[in-house]
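One structure is given below, encoded as structure tokens.
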Amino acid sequence: MNDLGEVMRDFSTDLSRVRDLLGLIKGFRDFGSSSPPPEVTDGSVAWVEAMSLKRSAPGLRTDLPLMSGSMLLYLCGRFEYFVRQVIEALGDEIANRAKDYDSLPSSLRDELRRRTLDVAKSPARYGYSSQEADALIVGLATNLDRSQKTEPIMIDSKVLSVTESNMRANTLNEVMKRVGMQDTWKELGKQAKLKIYLQKQSDGECAAAAQRRLDDLMIQRNNIAHPTGGTSFPDPDQVLWMAGFLEELGRSLVELCQVHLSIFPAANGSTGSEFSAPAQRVSRSPNPAN
């Protein structure tokens, strides 16, 4: 089981890879518009690879947004996977702190039952095999059988994160409710670092801007995934800004999850391990127009 801190660190590491690749794209763009030193162009210094790249770079610079678009696709997919990991880690930790299945919040038990039955009806629709779906049913039945209490409680938290929709604002809010977190966007709007990144002062403005940004990102993702002649591709700076936004959004979400966990004391009476966030590394690119 991954803890929330580990999930955030892995997400942040992958965002750093995106930033590094986007930096390479920007460097290539700048290289294509630069002028080589005279000693290279007149042959005094042999640099065949650089001259070959210089000849091809001008013709490719206008196509670099295609590569940035690919990075945006990856960002969206990685964020969706991150949210699923958060849901699963939170569900596992809540179950780990409960003394028995009946001690789980009723809303969580209801979601486990509902999602398990959804998967059982259409396993392939949610990426499960028939055998895996059968195992989910057996696990749920075991937990529901009051005469077969198990220690520790074993739940399949993956069913809590299944969704058919892109991780738009409403979808994020809905999946967080499955683990008992109500009004997620209202709480996210209170987070100071997210306010700073979005350049908003009030809680409501921050929440609204964050939801709008996430929805716009997912719409852009769908447009890039199914391009037409009029599809607009982002430049590297825009994708860098989005990477920073998703990191701040993800970090704020994990911290809210840690607060949520505090109402579920561990067996030893503690509230579990503290969340250790990675060093902050966000893009300093200009904030695109709100």
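The values are calculated or read from the model by the stated rules, or taken from the named source; none is laboratory data. Computed from a prediction, not measured in an experiment: that's the story for all the values here. Counting neighbours? That spans all protein chains shown, and the Cβs are built from the backbone with ideal geometry, glycine included. Heavy atoms of the whole protein, side chains included, go into the accessibility calculation; ligands, DNA and RNA do not. Shrake-Rupley method; radii C 1.70, N 1.55, O 1.52, S 1.80 Å.
Listed values, structure above:
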| read-out | value |
| --- | --- |
| Selected residue [touching a helix residue (DSSP H, G or I) at 6+ places or on another chain (Cβ under 7 Å) and either in a helix (DSSP H, G or I) or touching a residue at least 12 places away in the same chain (Cβ under 8 Å) (or both)] from L66, L136 | L136 |
| Cross-chain or 6+ apart pairs with Cβ under 7 Å, the stretch 220-244 first and part of a helix (DSSP H, G or I), then open to solvent by 50 Å² or more (accessible area, probe 1.4 Å) and among the hydrophobic types (A, V, I, L, M, F, W, C) | R221/L73; I224/L73; I224/F233; A225/L73 |
| Some residue of the stretch 46-68 being open to solvent by less than 40 Å² (accessible area, probe 1.4 Å), under 30 Å from the mean Cα position of the chain (by Cα) and at pLDDT 75 or above | yes |
| Candidate set: the stretch 230-257, residues that are closer than 20 Å to I196 by Cβ and of a type in the set (S, T, N, Q); chosen: the one surrounded by the most Cβ atoms within 10 Å (Cβ to Cβ) | S252 |
| Qualifying residue in the stretch 80-100 (condition: at pLDDT 85 or above, of a type outside the set (D, E) and surrounded by fewer than 17 Cβ atoms within 10 Å (Cβ to Cβ)) | yes |
| Index of the failed condition, S165 passing every other in (1) in contact with a Ser or Thr (Cβ under 7 Å, 6 or more places away or on another chain); (2) farther than 17 Å from H260 by Cα; (3) open to solvent by less than 50 Å² (accessible area, probe 1.4 Å) | (3) |
| M218 vs. criteria farther than 30 Å from Y74 by Cβ and either among the aliphatic types (A, V, I, L, M) or crowded, with 19+ Cβ neighbours inside 10 Å (or both) | no |
